[in-house]
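The values are calculated or read from the model by the stated rules, or taken from the named source; none is laboratory data. The structure presented is a predicted model; accordingly, all values stated were derived computationally and were not measured. Methodologically, a virtual Cβ is constructed for each residue, glycine included, from the backbone with ideal geometry; neighbour enumeration extends over all protein chains shown. Calculation scope for accessible area: heavy atoms of the full protein, side chains included, ligands and nucleic acids excluded. Shrake-Rupley method; radii C 1.70, N 1.55, O 1.52, S 1.80 Å.
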Amino acid sequence: MATLKEKIGYALGDAAAGGITWKLMSIAFPFFFTNVFGLSLADAAVLMLVARLFDVVTDPIMGSLADRTQSRWGTYRPWLIFGSGILGLVFALLLYTPDLGPTGRRIYAYTLYLLMMAVYTAVNVPYGSLLGVMTEDDDEKNQFSSYRMVGAYAMGFVTLLSFPYLKQWIGGSEQHQYAVIGASMGLLAALMTLACGLLTRERLKPVRAEKFSFRQFVDLFRNQPWIYLTLMGICTNFYNGFRYAVVAYLFTYCLGGDVTLLSIIINYTSFMAFGEVTCMIFGGLSPWFTRCVGSKRMAFAYASLLCCVASVAFFFIPMERSWMWLMLANVVVSSIGIGFYSPLLWSMYADVADYATQQNGTSCTGLIFSSGTMSQKLGGAVSGSLIAMLLGLAGARMITENGGSTIDPASITDSVRTMVWALFSLFPAIIALIMGVLAYFFPIKK
């Protein structure tokens with residue numbers, strides 16, 4: 001029986017990965033690369049697409065490698081314990097803007113971003129796989145998943161809400177602000193990841209294959225539940241990816257900058273922080289919601305439908321600062337759905353891993369969970385890349401100022417603003433609808 005300390009320890013892992021590193025990479029990086037670091041829209045789009053092609057190779061390799069790890073710390077925990085410091089360091093370097101020319105900065109950005117993806121994979125794939133070996137009790141798996149999501153969203157709330165105040169407190173240029181935030185947040189993420197590795201336990205021994213074989217990859221594509229869940233995972237991260245990657249542009253170009261409500265600074269990070277705290281609350285209620293509905297797949301389907309309806313409704317909110325309260329309320333409603341389905345996704349990956357073990361006779365838990373990490377990065381980065389491309393197609397142009405590139409304010413027309421608004425609402429709504437249909441037909445009926 002897992003202790004409360006272990007559940008909190010497991011939650012710290014996603015507080016670091018999902019609540020700090022990935023949250024800032026999702027919400028700040030598209031805007032950071034184009035408006036602070038100085039990449040063009042085309043460079044930013046290509047960077048994120050190249051990184052995704054890189055992940056298609058590294059994620060399954062990491063999953064297979066983690067499955068075969070044997071050490072005094074277990075199978076998956078050593079990757080967290082010894083990878084935590086590298087994760088924090090690379091994240092800090094990624095938010096640093098070097099004093100280089102356009103070509104040098106481009107090389108720096110590509111190198112550090114790809115390295116960050118590799119390190120994130122080396123830590124996060126084993127972290128997700130831990131769920132498959134900490135307990136065999138289905139209800140306890142749901143509890144661990146729920147703690148994980150609460151940790152991620154609680155830390156995400158703190159990260160996003162504090163972001164504008166940290167920038168003000170640090171002062172100086174935006175490049176300096178991002179560099180200091182990267183160093184401090186990287187250190188915090190490293191400490192949390194280390195604590196997760198030290199506080200958790202591996203109770204179950206994976207049934208390892210005797211040697212590496214490409215058959216395990218072939219078996220994945222014969223695993224119907226895995227195919228459904230991988231598509232669902234890609235959809236969940238496309239849904240979040242569009243919203244988080246475009247919200248900075250929404251505030252800058254649609255609402256004219258930060259909005260102050262009751263002395264609270266509402267900028268693009270604090271705006272999404274209201275969603276984070278909602279996800280935290282309803283992520284904790286996800287096991288209860290699942291019991292009420294009767295199955296994980298139907299709970300997932302209903303939550304997706306709520307996200308779809310809320311996203312469509314956002315498109316019809318007037319594009320004016322005076323409607324900020326209604327925009328916040330809409331984000332809260334859609335985040336109820338996200339809070340319900342997020343823990344279910346990882347619990348369902350554990351179910352798929354169990355199904356694969358029964359079908360094939362050997363464990364491929366790490367490989368199964370690597371697809372979850374891959375879909376996370378695929379959804380986040382491809383959505384960010386598509387946003388950069390679609391803004392360009394809508395008419396946004398780049399200009400060169402002070403040795404760097406930025407979006408020309410004169411190119412922000414009504415068509416660009418409408419595209420931004422739709423990328424935050426209608427595009428995610430379509431993805432949520434597809435996600436709900438996939439969940440409804442998911443083969444495992446738990």
Identify, from the list ALA109, ALA17, ALA66, ALA44, the residue that is under 17 Å from the mean Cα position of the chain (by Cα) and either assigned to a helix (DSSP H, G or I) or modelled with pLDDT of 80 or more (or both).
ALA17
Does ASN142 satisfy the condition of being at pLDDT below 85, under 18 Å from GLU6 (Cα atoms) and open to solvent by less than 60 Å² (accessible area, probe 1.4 Å)?
yes
Candidates LEU114, LEU160, LEU100 - the one that is over 14 Å from SER347 (Cα atoms) and at pLDDT below 80:
LEU160
Are any residues in segment 170-187 open to solvent by less than 60 Å² (accessible area, probe 1.4 Å) and touching a residue at least 60 places away in the same chain (Cβ under 8 Å), and if so, which ones?
TYR178, ALA179, ILE181, GLY182, ALA183, MET185, GLY186
Given (1) touching a strand residue (DSSP E or B) at 6+ places or on another chain (Cβ under 7 Å); (2) in a loop (DSSP other than H, G, I, E, B), identify the lone condition not met by PRO164.
(2)
Does at least one position in segment 116-127 carry a residue that is among the hydrophobic types (A, V, I, L, M, F, W, C) and closer than 28 Å to LEU328 by Cα?
no
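Listed here are the residues, each with its yes/no results for (1) β-branched (Val, Ile, Thr); (2) crowded, with 22+ Cβ neighbours inside 10 Å; (3) under 22 Å from the mean Cα position of the chain (by Cα).
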position	(1), (2), (3)
VAL247	yes, yes, yes
THR260	yes, no, no
ILE264	yes, no, no
THR269	yes, yes, yes
VAL277	yes, no, yes
LEU285	no, no, yes
LYS296	no, yes, yes
SER304	no, yes, yes
Only one of PHE300, PHE314, PHE238, PHE282 is under 17 Å from LYS23 (Cα atoms), in contact with a helix residue (DSSP H, G or I) (Cβ under 7 Å, 6 or more places away or on another chain) and part of a helix (DSSP H, G or I), namely PHE238
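Please go through segment 67-99 and pick out each residue that is open to solvent by 80 Å² or more (accessible area, probe 1.4 Å) and closer than 30 Å to VAL46 by Cα.
ILE86, LEU89, TYR96, ASP99
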Would you confirm whether any residue within segment 120-132 is open to solvent by 10 Å² or more (accessible area, probe 1.4 Å) and without any contact (Cβ under 8 Å) to a residue 24 or more places away in the chain?
no
Between residues in segment 420-434 that are part of a helix (DSSP H, G or I) and residues that are of a type in the set (Asp, Glu), which pairs lie under 7 Å by C-beta distance while being six or more apart or on different chains?
none
A careful count of residues in segment 317-331 that are in contact with a helix residue (DSSP H, G or I) (Cβ under 6 Å, 6 or more places away or on another chain) and open to solvent by 50 Å² or more (accessible area, probe 1.4 Å) gives 1
